[in-house]
1. Quickly run through region 354-363 and pick out the residues that are surrounded by fewer than 20 Cβ atoms within 10 Å (Cβ to Cβ) and in contact with a strand residue (DSSP E or B) (Cβ under 8 Å, 6 or more places away or on another chain).
2. Tally time: how many residues in region 59-88 are β-branched (Val, Ile, Thr) and either at positive phi or part of a loop (DSSP other than H, G, I, E, B) (or both)?
3. Looking at region 235-284, which of the residues that are of a type in the set (Lys, Arg) and in contact with a Ser or Thr (Cβ under 8 Å, 6 or more places away or on another chain) is nearest to Asp188 (Cα to Cα)?
4. Yes or no: region 133-147 includes at least one residue that is in a loop (DSSP other than H, G, I, E, B) and buried (at least 18 other Cβ atoms within 10 Å of the Cβ).
5. Consider Tyr319 carefully, then state whether it is crowded, with 20+ Cβ neighbours inside 10 Å, assigned to a helix (DSSP H, G or I), at negative phi and without any contact (Cβ under 8 Å) to a residue 60 or more places away in the chain.
6. Consider region 237-273. How many of its residues are aromatic (Phe, Trp, Tyr), more than 15 Å from the chain's Cα centre (by Cα) and either modelled with pLDDT under 95 or not in a strand (DSSP E or B) (or both)?
7. May I ask you to list the residues in region 156-180 that are farther than 21 Å from Ser256 by Cα and either within 12 Å of the chain's Cα centre (by Cα) or of a type in the set (Val, Ile, Thr) (or both)?
8. If we only count strands (runs of 3 or more DSSP E) wholly inside region 354-410, which ones have 1 or more residues that are within 13 Å of Tyr315 (Cα to Cα)?
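The values are calculated or read from the model by the stated rules, or taken from the named source; none is laboratory data. Keep in mind the model is a prediction, meaning the values are calculated, not measured. No Cβ is skipped: glycine too gets one built from the backbone with ideal geometry, and neighbour counts run over all protein chains shown.
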Amino acid sequence: MRLRQLAVAAGLVGVLCVPAHAEDRDISRDTLPANDGWASEGAGTTGGAAADDAHVFTVTDRAQLVRALDGGSDTPKIIQIAGTIEANTDDDGDHLDCSDYATGGYSLKKYLAAYDPRTWGAAKPSGLQEEARQASAARQAERVVLPVGSNTTIVGLGDSAVLKGASLQVRNADNVIIRNLDIRDAYDCFPVWQPNTGGLGDWKTAYDTIWLAGATHVWVDHVTLSDKGHPDAEEPTYFARNYLRHDGLLDITNGSDLVTVSWSRFADHDKAMLIGNGDTATGDRGKLRVTLHHNEFESVVQRAPRVRFGQVHLYNNRYEITEDDYRYSLGVSTESRIHAENNAFHAPGHVEVADLVKSWNGSALHQSGTLFNGFPVDLLAIYNAYNSGSERDLTGDVGWTPALHGRIDSAAAADRAVARGAGAGRIP
């Protein structure tokens, strides 16, 4: 009954509907089970389970959420999100749109005119409009970037807790749990033009839905991450490139370590998950240890995940590929060590098995028990055969064998279980 008592104290009874099973069991004090992936290593991951009653908060708007986060303090805390919280709001709770953040004379029309490659060339944007863009972006960041400190649990109440427009950032923090929450549309009002990216240039956005940077012992469970509300596919094209508004759904970078991502859903997005942010970031060696299990990647174009340096255990995940512009799912990059077991892929006719893997300076990929449209396949053998002569072969020896994990089911059994149980609002 603890959730109902908290709801009464917060004055939420009558507007908050909590399913009976969630009300009977206080999931906000759950800790990561033993042996459940890399985040269970050592002391494990307990989040804010040790919080006293004064640091258990039920929040219903951005202002309350910001106060509960306490600037990313390390004080043990539990933050329960009820209903829908919109990050793009002012201190009175009124909605803010991109025009409210714009300052210094910024306008997209002027920005496009100033940095058109046909007249500006290939130099990085500089001058009045770029300065105005940066100032405008800083104003939005003050609203939407939410720092999460050590010893924190953030959990959604019931089956319909939503956080819109926010970027949860766990930076240089330890022992964090994020569960049972639909986090969507980390929308960047002010993307920057990068002329030299990818040869043709590209638009660069600022916000990951969840960003782990230098974070350790983090458990992300039963979350749903998407662009819902503003899909990039519906954005216009400028300078012959899609005007992207979203970055990653969950990026794990800057030496983050000991992370478990379970029973979560990544949907309707381009670049879903980056583990390791640079080929030259050799300080990441020995870090970026991540377990991904029982997650669903639906309508994701690429990076599910893309890995540099990290030892990543990828098992019992489900992939539903639907996009015409699909690029790949597993990105094997510099010194990555992916151990993939019993994952299931569903794809339309234009996607072949060899398309599932892409390598950039990668050397190894362990795979076993893979299903493709219901049939067993050897990803490694098919990748090497298909790319013979164009890319170096990948070896199956990744130099390690996962020890921290629960039961690993067949890909077929996991496929069915994940389709039923992954995402926010589905904790048993």
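1. Answer for region 354-363, where residues must be surrounded by fewer than 20 Cβ atoms within 10 Å (Cβ to Cβ) and in contact with a strand residue (DSSP E or B) (Cβ under 8 Å, 6 or more places away or on another chain): Trp360, Ser363.
2. If we filter region 59-88 for residues that are β-branched (Val, Ile, Thr), which is where we start, we get 59-60, 66, 75, 78-79, 81, 84-85.
Going one step further and asking which of them are either at positive phi or part of a loop (DSSP other than H, G, I, E, B) (or both), we end up with 60, 75.
Residues that pass the stated criteria total 2.
3. Top of the filtered list is Arg245.
4. no
5. no
6. Qualifying residue count for the region: 2.
7. Of everything in region 156-180, just one residue is farther than 21 Å from Ser256 by Cα and either within 12 Å of the chain's Cα centre (by Cα) or of a type in the set (Val, Ile, Thr) (or both), namely Val162.
8. Answer list for region 354-410: 365-368, 370-372.
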